[in-house]
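One structure follows; several queries about it will come next.
The values are calculated or read from the model by the stated rules, or taken from the named source; none is laboratory data. Because the structure is a prediction, the values reported are computed rather than measured. Virtual Cβ from ideal backbone geometry, glycine too; neighbours counted across all protein chains shown.
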Amino acid sequence: MKSVRTKFSHRMHRAGGWSLLEMTAVIAIMMIMATIATVSLQPVWKTNQISNAYDTVLMAFRNARQSAVNERHTYLVTFLGGTPNNTFTVQRYINGVADANPDGTTTYTLPRGLTFLNMTGIPNVSSQTPDSMGTGGYPIEFDCMTNGVCGQGASRSMIYFQPDGSARDALINGNLNSGVVYIADSVDLYSSRAITLMGPTGRVRGWRLIYASGQKRWLQQ
């Protein structure tokens, strides 16, 4: 009887829980699976990040232009530069004066790890740049002329959307302002995105860098 009770007690103990060795093995398997999942999802996560950053800038441009037309006010887009170069503002002007109300200025910041960046390796010939704007020599390159040469100083990073839908390089009586801005993750050339602006119409278009037919080129989104 004693032997029977001992075997029965042992079976009850085994049925009542896990051994330390079994728990360790389960935890190790779970950690391996989590690591595999994280590694496999990283490219998707990075793609989503760059897409969100691209969408943010594209829609900010389009909304600023449309607001200027609808409200009959000027909207100024300013790229702030600095390190990291990842922030820009959209500010409303009323009768030539910056709107001081809290809702008169909106600040946008790109997701972590992304900046306004013209990565080494993007096409740098004007016939190959997005909408033939500039030479890819600057991350923010506005006030571009028809020959591909872009303006210097503040006009390179400031855009005034006018009530007539155009984009200018100054608040009043400015020149038409066309150009391009680049966005990228600094460790991946093909994360590069670009957004172009046509000054006369305020038209905004988006681009993605791809490799096709043996060469790098910009594909319109």
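Mind checking which residues of segment 160-176 are closer than 11 Å to Leu76 by Cβ, modelled with pLDDT of 90 or more and part of a loop (DSSP other than H, G, I, E, B)?
Gln162
Of all strands (runs of 3 or more DSSP E) completely enclosed by segment 36-130, which ones contain at least 3 residues that are out of contact with any Pro (no Cβ under 6 Å at 6 or more places or on another chain)?
Of the strands (runs of 3 or more DSSP E) lying wholly inside segment 36-130, those with at least 3 residues that are out of contact with any Pro (no Cβ under 6 Å at 6 or more places or on another chain) span 74-79, 87-94, 105-109.
Among the residues of segment 160-173, is any over 25 Å from Asn70 (Cα atoms) and in contact (Cβ under 8 Å) with a residue 12 or more places away in the chain?
No: zero hits.
Go through segment 49-67 and report how many residues are touching a Leu at 6+ places or on another chain (Cβ under 9 Å) and hydrophobic (A, V, I, L, M, F, W, C).
The total comes to 5.
Here's a follow-up. Just checking, does segment 192-208 include any residue being free of Cβ contacts under 8 Å to residues at least 12 places away in the same chain, closer than 21 Å to Ala60 by Cβ, over 14 Å from the mean Cα position of the chain (by Cα) and loosely packed, with under 15 Cβ neighbours inside 10 Å?
So far as segment 192-208 goes, no, none of its residues is free of Cβ contacts under 8 Å to residues at least 12 places away in the same chain, closer than 21 Å to Ala60 by Cβ, over 14 Å from the mean Cα position of the chain (by Cα) and loosely packed, with under 15 Cβ neighbours inside 10 Å.
Can we say Leu219 is more than 23 Å from Lys46 (Cβ to Cβ), surrounded by fewer than 18 Cβ atoms within 10 Å (Cβ to Cβ) and hydrophobic (A, V, I, L, M, F, W, C)?
Spelling it out, it is not the case that Leu219 is more than 23 Å from Lys46 (Cβ to Cβ), surrounded by fewer than 18 Cβ atoms within 10 Å (Cβ to Cβ) and hydrophobic (A, V, I, L, M, F, W, C).
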